[in-house]
Structure formats: C-alpha cells, structure tokens
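The next block holds one structure in the form of structure tokens; read it before the comments.
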Amino acid sequence: MKILAIDAALLRAGVAVVDGGAAVEKIFVAGRPGLIETLPVAMRDVLAKAGPVDAVAVTVGPGSFTGLRTAIALAQGFAAAAGVPVWGVGVEEAFAQAFPSMHRPLWVAVRARKDRIFLIRDGVAEGFADADLPRTRAAVAVAGNAANEVAAHLAAAGGDVILTNGRAIDPVWVARAALARVAAGLGLREAVPVYVDPPEAKLPAGGLRPSPV
C-alpha cells in the first residue's frame, strides 16, 4: 500500500510518500511561519515524483494548533478529491515507530507554550506547567521536542529514564503507525485534531456582532 503521510504537529513539518514502509519521496519544511503556503507545495512536489497513493495518514496531535489544522485540512481535502481514505495518527504513535525495540514505556513531551508541556503517557495526553511535571521511579523513555526538560526533571528525582534522540517527527513514522494499526486489527483513527487545553480565544463580553446584511 502506498501512503501519503503529512505531519505538521511540531516545529518541523514533513510530507512523504511511503510504499511498503519505506520512503519513496520525502520533503521537510519549517513548521512556521508560512506553513499554509509551503506545506501544499511540498505535498505537490512529493506526489509529482511518487505518483498516485492508496491512502493518506496525518498526525492529529497534540501539538501546534495552526500546524494540526493546516495538515489535517490538507489531508482531508486531498483524500476527498483522490477518493482515498484518510487516517489520523497521534504523535505518540508516530514516535513509537522510531523506537520499535524500546522495552519500556515511551513518554512523549510536546512544548505547548512557554512554561507548559503536553505529556502523552499510555495514550493519554495531559497538560502540565513546567514546575508541576509528574515524577515516576518506573523505567521510562522520553521523546518529543520537550524531552530534555522532562528527562532532566525525572532524573533529578531519581527516576530510571532514557532520553531518546527523537525530537521531531519523520512523516515515514506516521505512515508506519497507520499501517501498524491496520496490521493489529485496531480501528482506524479519525483525522480530527487532538486538543489538550481549551481554546485561549474568548468570545467578546457582548457576544458576536450580527452578520452584515
């Protein structure tokens, strides 16, 4: 099966076409600014070299609000036009593909904003202030763009922690994670964004303005 994989959950975005688990074509672009312009171009260039695909896989979060919305919208639009399915992949599922022989739980730490981290453990994503990160003495490994901070916090508390070299997502991992769900007989994940915190935007006190007439 040939899969178009799209990721823009973190600071680096990427697009790849994967066939049999191996990359046919792959391009990375900056996660921001300008992602709404650069990501479609990267997808066009990858597809121009790789040809038609059978499915689309896209990271659904948690991660960058703008990155997730851009990548998911692009994946859904292309899948609808091409008549192929679109599958959602959590960032923790993608990172897990990078370490298939890791014989300990993998924690994925994503920087949400200054002084706040999203931590995904056992498939559950939670938000923590840097000062309130949880501790454990159980053996764990840590990946993600906030892995350094979390690993240091755990080690300082005497934890048994391995700091992996996984900081950014490779879109090939996204495709492999989708294939792994299929192979395991798990239900396909819907391509909708995963949000940990509520939106920071607030409605005006007086409500929205009426539509123009």
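Bear in mind that the values in this text are calculations on the coordinates, not laboratory data. Being a predicted model, the structure only gives us computed values, none of them experimental. Glycine gets a Cβ as well: all are built from the backbone with ideal geometry, and neighbour counts include every protein chain shown.
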Any idea what log10 I(q)/I(0) is at q = 0.10, 0.13, 0.17 Å⁻¹ for the chain, Debye with uniform C-alpha scatterers and no solvent? -0.45, -0.73, -1.12
Karplus 3J(HN,Hα) series, Hz, for segment 32-46 with 6.51 cos²θ - 1.76 cosθ + 1.60 (x for Gly, Pro): 6, x, x, 4, 5, 8, 7, 5, x, 5, 4, 5, 4, 5, 5
Take the Cα atoms of segment 98-163, find their three principal axes, and give me the spread along each one in whole Å, biggest first. 32, 24, 18
Percent relative contact order of the chain, based on C-alpha pairs within less than 8 angstrom and at least six residues apart? 23
Distance in nm between pseudo-label sites at Ser101 and Ala184 (7 Å out along the Cβ direction from Cα): 2.0
For Val41, placing the label point 7 angstrom along Cα-to-beta-carbon and taking segment 71-88, residues whose amide nitrogen sits under 18 Å are 71, 74
